[in-house]
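Only one structure is covered here, and it is reproduced in the block below.
Each value in this text was obtained by applying a stated rule to the coordinates, not by laboratory testing. It should be emphasised that the depicted structure is a prediction, and the values quoted were computed from it without experimental measurement.
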Amino acid sequence: MMTKAQNTNSALLSLLVCPVSLTGLIYDKGQGELVSLQARLAFPIQDGVPIMMTEAARLMSDDEVTRLRAAPVQSDNDTDKK
């Protein structure tokens, strides 16, 4: 069962889109970033707040994009689990 914080994070992720490609984002748990595979951009999360400015994003390598495309999709955000 998801906690209220996890449910809120999942709901927020479902509403956010990449400001460049206007496509959905995925959460890269290993890097702690929101990723747009189409735009090949990774947006940082600082103090729990996604920074959705293109100036703050980093360009992803081919290897990173391939790894994330092959990874199974997470159905919930478990960053708050302890």
Each residue of segment 24-31 in turn: what ³J(HN,Hα) in whole Hz from Karplus with 6.51, -1.76, 1.60 and θ = phi - 60°, glycine and Pro shown as x? x, 10, 10, 9, 8, 4, x, 9
Output needed for segment 4-70: three equivalent-ellipsoid semi-axes, defined as square roots of 5 times the C-alpha gyration tensor eigenvalues, in descending order, whole Å. 18, 13, 12
